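> Got a structure for you, questions after.
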Amino acid sequence: MVEKKKWLPRWFYQLASPRWCFQICGKLLPGFSVAALVLLLGGMVWALLFAPADYQQGNSFRIIYLHVPSAILAQSCYMLMAVAGAIGLIWKMKVADMVAKSCAPIGATMAVLALLTGAIWGKPTWGSWWVWDARLTSMLILLFLYLGVMALNSAIESESTAAQASAVLSLVGLVNIPIIKYSVEWWNTLHQPATFKLTERPAMPADMWVPLLVMVVGFYCFFAVTLMLRLRNEILRRERRSGWVRDLLLSK
Amino acid sequence: MNQQLGASRRPDIGMGALFAATLKRDLKLSLRRKSELVNPLIFFLMVITLFPLGVSPEPGFLAELAPGVIWVAALLATLLSMDSLFRTDFDDGSLEQLLLSPQPLMLVVVAKVLAHWMLTGLALTLVAPLISVMLFLPAEGVPGLMLSLLLGTPTLSLVGAIGAALTVGLKRGGVLISLLVLPLYIPVLIFGTGAVQAAVTGLPLGGYLALLGALLALGIVLAPLAIGAALRISVSG
């Protein structure tokens, strides 16, 4: 008899259990925290002090090192929220619901950060804080979607109903993601096209985009850290009546 | 034995019959409550009236503003009427009966949304020429306005119904539903006003109408799924 091979390693299946997920996140946290700290600090110093100034925009372009990562992350976070919501809806997995719930505030913060840095960058470059341009508007809609999901989540008292309802809403809102992504290509906009593409080299020189890439990866690590922290809190809050949480809290 | 049992029960009704029955019931119920029927229209007119008073009564300026104002007012009027879509059925328990029926829920949902649209979206479309005169919209813009409303308002009803289904179990769903639904209305608003503006300036409006039609097609296919899922969640929760 040959033992049937599992597709994925064992810890992946264990993530579905709140208790195991809590522990696995606890093990991953230090690594991601160090990576986030090193990448963000290193990337920031590199970007602000050593990357060359833009020939047109001078030093004002350096805000790209905050703007692009936060914008990318705001969209990825929405995707994660929707996918986690779908998993929660289909397989009734509690941890997926918790991931979706923890994603929303982080994503909303990132969307705000992207909009703010965009406004600050827009003032010297376009001459105004805000233009009603397709990219900006669709990003604003993304923020509204996050706020809607959060409002719905807090309005429904039953936790499982709240999670399911917000999952449906976030799946509906998913139509906005391609609109944001392609808004710079479908419409004639002031906003410049995407910096990173999978199939082409970036249009800017390497000593400009490499620090940007470092910042993007750093932001992802930072996101992972905040998500795991929120997720662990959420697990503890929701599983507060189970034995292992009580044991854990009493042992401290 | 089985046959006898089957014969003693009422014969199962087909999908078409169910669709027609739901549509008829919803229309009849709405037509009996006249106030709910007229309220969105009055609201539409009132919002339109506020703009000349609040912004400027100057005809040229109003004509420029008209496409956007009419569309925003139509959007708000639809939104206002959305909350009652499932509310009464939820309160008297008939929504649960609908959920229990063996026919696909999507079908019932489409019938209900269609009934809602016939009494709000269609009515708004028919009132639109009057409004366009009030706001000095050039006559060339009126066909564009009506066509865009005709294609756009069903999408508004479909998307709004998702919000209504998600909030039907809540006591105060009123503000929440606008929070959930308004961001999703923005694409319809953009292409709707775009169509009217194109019609006013004499540009071809086929592209805008095609996009509105595409949104509607997407809505008809996907929104009933989401509405059905949301209703099941709201009722079971």
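> Of all residues in segment B:200-214 being in contact (Cβ under 8 Å) with a residue 12 or more places away in the chain and outside any loop (DSSP other than H, G, I, E, B), which is nearest to the other protein chains (Cβ to nearest Cβ)?
Among residues in segment B:200-214 that are in contact (Cβ under 8 Å) with a residue 12 or more places away in the chain and outside any loop (DSSP other than H, G, I, E, B), the one nearest to the other protein chains (Cβ to nearest Cβ) is B:LEU211.
> Of everything in segment A:176-206, what is loosely packed, with under 14 Cβ neighbours inside 10 Å and modelled with pLDDT of 80 or more? Give them in sequence order.
Selection gives A:PRO178 alone.
> Checking the conditions here, which among A:ALA82, A:ALA36, A:ALA71, A:ALA47 is assigned to a helix (DSSP H, G or I), closer than 26 Å to B:ILE233 by Cβ and not β-branched (Val, Ile, Thr)?
Going through A:ALA82, A:ALA36, A:ALA71, A:ALA47 in turn, just one is assigned to a helix (DSSP H, G or I), closer than 26 Å to B:ILE233 by Cβ and not β-branched (Val, Ile, Thr): A:ALA82.
> With the requirement that a residue be facing chain A (nearest Cβ under 9 Å) and either more than 20 Å from B:LEU122 (Cα to Cα) or in contact with a Gly (Cβ under 9 Å, 6 or more places away or on another chain) (or both), what does segment B:176-199 give you?
Residues satisfying the conditions are B:LEU176, B:LEU179, B:LEU180, B:VAL181, B:LEU182, B:PRO183, B:LEU184.
> Same structure, new question: Testing B:ASP92 on (1) more than 30 Å from B:LEU62 (Cβ to Cβ); (2) within 14 Å of chain A (Cβ to nearest Cβ), one condition comes back false. Which one is that?
B:ASP92 satisfies every listed condition except (2).
> What about B:LEU79, is it out of contact with any Pro (no Cβ under 7 Å at 6 or more places or on another chain), of a type in the set (A, V, I, L, M) and closer than 14 Å to B:ALA164 by Cα?
For B:LEU79, the condition - out of contact with any Pro (no Cβ under 7 Å at 6 or more places or on another chain), of a type in the set (A, V, I, L, M) and closer than 14 Å to B:ALA164 by Cα - is met.
> Applying the selection to segment B:129-140, what residues are of a type in the set (Gly, Ala, Ser) and surrounded by fewer than 22 Cβ atoms within 10 Å (Cβ to Cβ)?
B:ALA139
> Do we find a residue being within 15 Å of the chain's Cα centre (by Cα) and either among the β-branched types (Val, Ile, Thr) or over 30 Å from B:ALA230 (Cβ atoms) (or both) anywhere in segment A:81-88?
yes
> Name the residues in segment A:131-175 that are within 13 Å of A:ALA82 (Cβ to Cβ) and surrounded by fewer than 22 Cβ atoms within 10 Å (Cβ to Cβ), would you?
A:LEU171, A:LEU174, A:VAL175
> Further, regarding this structure: So which residues in segment A:157-170 are within 7 Å of another protein chain (Cβ to nearest Cβ) and within 19 Å of A:VAL95 (Cβ to Cβ)?
Hits for segment A:157-170 are A:SER158, A:THR161, A:GLN164, A:ALA165, A:VAL168.
> Evaluate the following for B:ALA230: is it facing chain A (nearest Cβ under 8 Å), out of contact with any Cys (no Cβ under 8 Å at 6 or more places or on another chain), more than 22 Å from B:ALA63 (Cβ to Cβ) and outside any loop (DSSP other than H, G, I, E, B)?
Answer is yes for this residue.
Okay, residues lined up against (1) in a loop (DSSP other than H, G, I, E, B); (2) within 14 Å of chain A (Cβ to nearest Cβ); (3) surrounded by fewer than 22 Cβ atoms within 10 Å (Cβ to Cβ):
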residue	(1), (2), (3)
B:VAL110	no, no, yes
B:LEU122	no, no, yes
B:VAL142	no, no, yes
B:LEU145	no, no, no
B:LEU149	no, no, no
B:GLY152	no, no, no
B:THR155	no, yes, no
B:GLY163	no, yes, no
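The values are calculated or read from the model by the stated rules, or taken from the named source; none is laboratory data. All of these numbers come straight from a predicted model, not from anything done at the bench. Note: ideal-geometry Cβ built from the backbone for every residue, glycine included; neighbour counts use all protein chains shown.
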